[in-house]
Amino acid sequence: HYIGEDSAGHRYYEIQNTRQNVTRGYDPPPNNPKSEPGVEWQSWLKGTRRFPPSDDEISLNRMKEQAQLAQNETTEKRAPHVATTGSNPSQDKPAAFPRYDDMESAPGAKKSS
């Protein structure tokens with residue numbers, strides 16, 4: 001039976017097969033069939049949450065998300081920029097095997113000097 005619809009136009013439903021076995025799903029909006037539902041609705045679809053999210057909860061989470069993004073932006077501007085030095089980061093890692101100038105790397109190979 002029909003449960004609800006979000007602001008993007010996804011329609012959510014629930015099919016009760018038995019008392020414990022419940023199938024949940026959604027129909028995407030016809031104008032945007034590849035869009036994904038919000039995080040709150042995804043958790044309801046997976047069964048992580050028992051009750052579907054309310055519009056108030058979704059709008060509150062969106063406001064928190066916007067506030068966090070703004071805070072991250074100001075923190076990033078305040079933080080000092082640290083530049084990396086060195087030509088190649090892979091050269092900073094230790095080699096898998098040590099190389100010695102007085103030993104051959106391949107048995108019987110001639111040194112090209």
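Rule-based calculations on the coordinates, nothing more; no lab input. If you're wondering where the values come from, they're calculated on a predicted model, not measured in any experiment.
Overview of results
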| read-out | value |
| --- | --- |
| Under the Debye formula (equal points on every Cα, no solvent term), log10 I(q)/I(0) of the range 1-104 at q = 0.12, 0.13, 0.21 Å⁻¹ | -0.65, -0.69, -1.14 |
| 3J(HN,Hα) from dihedral phi, the range 68-73, Karplus parametrisation 6.51/-1.76/1.60, rounded to Hz, x for glycine, proline | 5, 5, 5, 5, 4, 5 |
| Candidate aspartates and glutamates for bridging to residue 110, where Cα separation is under 19 Å - those fewer than 8 sequence places away on the same chain excluded | 101, 102 |
| Chain lengthening between residue 57 and residue 16 when straightened (0.36 nm per residue, less Cα-Cα) | 12.2 nm |
